[in-house]
Amino acid sequence: MRTRTEPACGILCTVNQLTDKPGPAATSWRFCTAPMMDWSDRHCRQFWRGLTRHARLYTEMVTTGALIHGDRERLLAFDPVVEHPVALQLGGSVPADLARCARFAEEAGYDEVNLNCGCPSDRVQNGAFGACLMAHPALVADCVRAMRDACTLPVTVKHRIGIDHMESYSEFRDFAGTVAEGGCDVFIVHARKAWLKGLSPKENREVPPLNYPWVHRLKTEFPALTIVLNGGIDSLAAGEHHLAAVDGVMLGRAAYQDPWQLARVDSTFFGAPDPAETPEQALLALFPYLERELAAGTPLNHVTRHVLGLFSGRPGARRFRRHLSEQAHRPGAGAHTLRAALDQLTPLAA
């Protein structure tokens, strides 16, 4: 056990020095895409990899019960050739179950296991996980400890700055400090509170005010931790701005609704070449995957629903979206349907 320092609050500042496992490189989380239910599935992630090679991608949340008792192979499926780095987000609150699922994640080849402590939906609350776990930091620490003992992957936590009537910065700070003592090195913080009653999940993404200074301050007080900021970031420029104060940023719906902005992530955040020069090039790169999925019986619209925003702002973008929305679900829809949608675009002047 290495030496650590304690601030006046009694919560450890250099908590990632408490374990013998090395802390992860903060640059690994410099730019991330958010876990989004019904959106960040394997088809979406495959498409995004044609836009950015280096962003860290997160799955939809998968519950421990689903992994232990359900179709584990389907739930853990991802493309090991293309998708790395990719993190599996888990929903659960029983340390033994989370440990078991962390082993599943490592065996499947994931790069990280992330614990959801931020989702405020009634369904998640009824399962006693998600944002309601912020009221039980010692339990979250136990969950993290169990997962770390079960696998060699980084175990991270995604959470809010508070829930319901948690009004003070000290409560937010102490949650992070307690969980860090369980061995968590990486905290992904949605810079809003979550109201567990009275607001829908959509309202919880929009109504509670953003509080970026608290997240910036957390990094100052816990310099050894990797702090990733999430919430309200709608552009790469906005994300870059926060990197002066935190280690990384996470984009969610802004990336989904306008995916072409991901095409500049590699050059902007990682100093690496961008994989696609035009949206058309990025979409054409998806065709081999699309054809494999169609051959395996995947309906076309399961893949193409993720590309609807690719040409946002371009002449003909509305026709492109309308064609896919109306045709991709029809019997016999295939790669030719997507090519026909591309034909709806107005060519750019040379």
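What to note about this one:
- Restricting ALA335, ALA340 to residues that are over 23 Å from ALA254 (Cα atoms), touching a residue at least 12 places away in the same chain (Cβ under 8 Å) and touching a helix residue (DSSP H, G or I) at 6+ places or on another chain (Cβ under 6 Å) narrows the list to ALA335.
- Considering the conditions (1) buried (at least 21 other Cβ atoms within 10 Å of the Cβ); (2) in contact (Cβ under 8 Å) with a residue 24 or more places away in the chain; (3) of a type outside the set (S, T, N, Q), ILE233 is excluded by exactly one of them, (2).
- Number of residues in segment 298-315 that are surrounded by fewer than 17 Cβ atoms within 10 Å (Cβ to Cβ) and touching a Ser or Thr at 6+ places or on another chain (Cβ under 7 Å): the value is 1.
- Of the strands (runs of 3 or more DSSP E) lying entirely inside segment 1-98, those containing at least 2 residues that are aliphatic (A, V, I, L, M) and either out of contact with any Pro (no Cβ under 7 Å at 6 or more places or on another chain) or modelled with pLDDT of 95 or more (or both) span 57-63, 86-91.
- Of everything in segment 121-162 that is in a loop (DSSP other than H, G, I, E, B) and at negative phi, the residue that is modelled with the lowest pLDDT is GLY127.
- Scanning segment 249-257 turns up no residue that is more than 18 Å from the chain's Cα centre (by Cα) and either crowded, with 17+ Cβ neighbours inside 10 Å or in a helix (DSSP H, G or I) (or both).
- Residue identified as surrounded by fewer than 24 Cβ atoms within 10 Å (Cβ to Cβ) and in contact with a helix residue (DSSP H, G or I) (Cβ under 7 Å, 6 or more places away or on another chain) among CYS101, CYS132, CYS119: CYS132
- Only one entry of ARG321, ARG330 meets the criterion of being crowded, with 16+ Cβ neighbours inside 10 Å and either under 25 Å from the mean Cα position of the chain (by Cα) or among the basic types (Lys, Arg) (or both), and that entry is ARG321.
- Within segment 275-297, considering residues that are part of a loop (DSSP other than H, G, I, E, B) and without any contact (Cβ under 8 Å) to a residue 60 or more places away in the chain, the one surrounded by the most Cβ atoms within 10 Å (Cβ to Cβ): THR278
- Residue check, TRP195 under 22 Å from PHE172 (Cα atoms) and aromatic (Phe, Trp, Tyr): yes
- Segment 181-228 - residue that is acidic (Asp, Glu) and within 24 Å of ALA146 (Cα to Cα) and, of those, surrounded by the most Cβ atoms within 10 Å (Cβ to Cβ): ASP185
- Number of residues in segment 267-283 that are under 15 Å from ASP343 (Cα atoms) and of a type in the set (A, V, I, L, M) equals 1.
The values are calculated or read from the model by the stated rules, or taken from the named source; none is laboratory data. Since this is a predicted model, take the numbers as computed values, not measurements. Reconstructed Cβ throughout: ideal geometry from the backbone, glycine too, with neighbour counts over all protein chains shown.
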